[in-house]
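The values are calculated or read from the model by the stated rules, or taken from the named source; none is laboratory data. Computed from a prediction, not measured in an experiment: that's the story for all the values here. Note that each Cβ is placed from the backbone with ideal geometry, even for glycine, and that neighbours are counted across all protein chains shown.
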């Protein structure tokens, strides 16, 4: 009988263990160096590199010694960043769309477990003993603390908006979490599991010359701690909102430096174009670089290598020569460099190109202050199959590129900016910019090809009309006459970008953190839905599956047309700085707009698109509802506005 009970017990244990493959943590391995989450990581001895292929939904293992891909492992949707366990037996992968972390066994080279997270997991690191996994949830603005032995979330820490990547100090006492758009950095004490401080990056002051670096810090891509642990470097953008949008005056690259002993920004050490980033070409002109994304220190901390994802360059800073840029290696082989690691001996850099899905290899030239980095051999392909069509991939490459030399015609003037310079990571930057028509809030690209007319005043009905933006704001394609049909190869560029935007996986409405965990509406949101569809009279403009009547602005053949102005509205939100327009050359001036005509924006994913209105003057959805003032507008109580706002925040 005892033998039967023993066998039964074994069977029960086996059944339970098959329900979840637990991650084994080696308790005696304690990591003693700082780590930051990234889309590319290298093991301690420099023999393996792991790459998150972002939109291919795979992770690639590259063997440095054999110079070959060892494995490509399928993971959840949109793998954004990776981190290794201290014993380097486990690789954790944030799968942003699937709201989970996949756990890869290095030995088995496959996913052996998955951990549920908050909405939109992005950055992730383990504690120095590997017992805890910290995950930055981009959509729900929380940090999940997950027990790596059982995959259970022990705690969620509420943090500021859009936590992006994450880093941990060498002693494991602090986490640093940059917030993507508002330029704040949360400092979390790992013992108390609380936000102890928020570092606010300073604005760069206005300059008398609008073409000099200045503006509001935003789009924080990384947080990389120096080998000595005293400072961290943060690549980001500066956006000047004080002058009308112009490619040489609006967006600037920058790298901020944080003193980790005081958790304060070292303002005077910020790296800016024309100052600390001021390498000149053969004409003695400053080489323009754009969209700083990732960086790595040399092992001895004497140099910093930064990839510019827009202009596709490598910028080298020499800390032994004042910390300024001393070399710009123009044009990293491949498209859209977003990640970089360095070999333990400091001789070789490996760069992850997110759009061409390959690995570029660069020789650093050594530790000498006068060494010159240079490309080394052919790029290594990282994927077996691209889920995007060639047209979609080309369009996505264009969207993120500021390379003025690569395509049939320059997409921007002198490598200054990409579409993503304002539409951060494809969505928005939360800023309102000056335009000839007045202040304009940067809109999101979520389902943008399915929501009717383009622009806040509905003055464009064809995607090719964006040549006006490329010419007027980005400084590209200026040799073309916008009134004429585009050359075939240039038209192909617009067709490609439209195809990319139209792909339903490109910018889907983000899941709302305001719904219940099962995805259903809360009681308040249900009451708000009833008001939205009834007393609030919201469906008149925000009806249909896209929650906008702009899709009805069609001609007799059912084609979108700017001539149909029946669905432009005046709800009392005109800004005193708004200017009427006589139309544009592309439409042969058949699309004039007055200061009271505005297109209806979609409400899909609107919870993530603050501020609101064409001028960004409404900071919250409640304020936006309150300010709807027009003839016959319903009189709503504060309680009713709160309920409608709760429903609107839940629309996805």
Residues to consider are 226, 208; find the one that is assigned by TED's automatic domain parsing to the domain that holds residue 339 and modelled with pLDDT under 95.
208
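Can you name every residue in the range 492-508 that is surrounded by fewer than 18 Cβ atoms within 10 Å (Cβ to Cβ), touching a residue at least 24 places away in the same chain (Cβ under 8 Å) and closer than 30 Å to residue 143 by Cα?
The first filter runs over the range 492-508 and keeps only residues surrounded by fewer than 18 Cβ atoms within 10 Å (Cβ to Cβ), leaving 492, 495, 502, 504-505, 508.
Retained after the next criterion (residues that are touching a residue at least 24 places away in the same chain (Cβ under 8 Å)): 492, 495, 502, 505, 508.
Result: 505, 508.
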For residue 309, only one of the following conditions fails: (1) closer than 17 Å to residue 235 by Cβ; (2) surrounded by fewer than 19 Cβ atoms within 10 Å (Cβ to Cβ). What is its number?
(2)
Would you check which residues across the range 128-141 are surrounded by 19 or more Cβ atoms within 10 Å (Cβ to Cβ) and more than 17 Å from the chain's Cα centre (by Cα) and list them?
128, 130, 132, 133, 134
Per-region count, the range 530-556, residues assigned to a loop (DSSP other than H, G, I, E, B), free of Cβ contacts under 8 Å to residues at least 60 places away in the same chain, surrounded by fewer than 15 Cβ atoms within 10 Å (Cβ to Cβ) and in contact with a helix residue (DSSP H, G or I) (Cβ under 9 Å, 6 or more places away or on another chain):
2
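Looking at residue 458, is it assigned to a loop (DSSP other than H, G, I, E, B), touching a helix residue (DSSP H, G or I) at 6+ places or on another chain (Cβ under 9 Å) and either under 22 Å from residue 427 (Cβ atoms) or in the same structural domain as residue 574 (by TED's automatic domain parsing) (or both)? Break it down stepwise before answering.
Working: assigned to a loop (DSSP other than H, G, I, E, B): yes; touching a helix residue (DSSP H, G or I) at 6+ places or on another chain (Cβ under 9 Å): yes; either under 22 Å from residue 427 (Cβ atoms) or in the same structural domain as residue 574 (by TED's automatic domain parsing) (or both): yes.
In short, yes.
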When you go through 216, 255 one by one, which is the residue that is touching a residue at least 40 places away in the same chain (Cβ under 8 Å) and closer than 30 Å to residue 478 by Cα?
216
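Residue-wise test of (1) in a loop (DSSP other than H, G, I, E, B); (2) in contact with a strand residue (DSSP E or B) (Cβ under 8 Å, 6 or more places away or on another chain); (3) in contact (Cβ under 8 Å) with a residue 12 or more places away in the chain; (4) in the same structural domain as residue 507 (by TED's automatic domain parsing).
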{"residue": "567", "(1), (2), (3), (4)": "yes, no, yes, yes"}
{"residue": "574", "(1), (2), (3), (4)": "yes, no, yes, yes"}
{"residue": "578", "(1), (2), (3), (4)": "yes, yes, yes, yes"}
{"residue": "583", "(1), (2), (3), (4)": "yes, yes, yes, yes"}
{"residue": "590", "(1), (2), (3), (4)": "yes, no, yes, yes"}
{"residue": "596", "(1), (2), (3), (4)": "yes, no, yes, yes"}
{"residue": "604", "(1), (2), (3), (4)": "yes, no, yes, yes"}
{"residue": "607", "(1), (2), (3), (4)": "no, no, yes, yes"}
{"residue": "614", "(1), (2), (3), (4)": "yes, yes, yes, yes"}
What do you reckon, is residue 222 surrounded by 23 or more Cβ atoms within 10 Å (Cβ to Cβ) and either without any contact (Cβ under 8 Å) to a residue 40 or more places away in the chain or part of a loop (DSSP other than H, G, I, E, B) (or both)?
yes
Qualifying residues in the range 142-184 (those that are on the phi > 0 side of the Ramachandran plot and touching a strand residue (DSSP E or B) at 6+ places or on another chain (Cβ under 9 Å)) - the one surrounded by the fewest Cβ atoms within 10 Å (Cβ to Cβ)
151
